[in-house]
1. Pro34 fails exactly one of the following numbered conditions: (1) exposed (fewer than 10 other Cβ atoms within 10 Å of the Cβ); (2) at pLDDT 90 or above. What is the number of that condition?
2. For region 43-57, indicate whether the set of residues that are acidic (Asp, Glu) and at pLDDT below 70 is non-empty.
Amino acid sequence: MRKYLAMMFVLMLAATIGLSACAKKEEPPPPPPPPAAAPADNMAPAPAAPAAPAEAPKK
């Protein structure tokens with residue numbers, strides 16, 4: 001009787017290992033993109049766009 005119980009245990013273990021090896025494996029989701037780099041505090045401000053020349057008043 002002990003022989004059959006041991007055999008049943010071994011077969012159940014083999015079936016469990018075999019089924020887990022064949023199970024559908026889900027791929028983990030891709031990692032989130034890295035955060036955008038914050039602008040440095042010591043950066044010089046962007047130069048202002050040159051003003052358009054004003055039209056001369058017509059007489």
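1. Status for Pro34: all satisfied but (2).
2. Checked region 43-57: no residue is acidic (Asp, Glu) and at pLDDT below 70.
The values are calculated or read from the model by the stated rules, or taken from the named source; none is laboratory data. In this text the structure is predicted, and so the values were computed from the model without any measurement. So basically every Cβ, Gly included, is an ideal-geometry build from the backbone, and we count neighbours across all protein chains shown.
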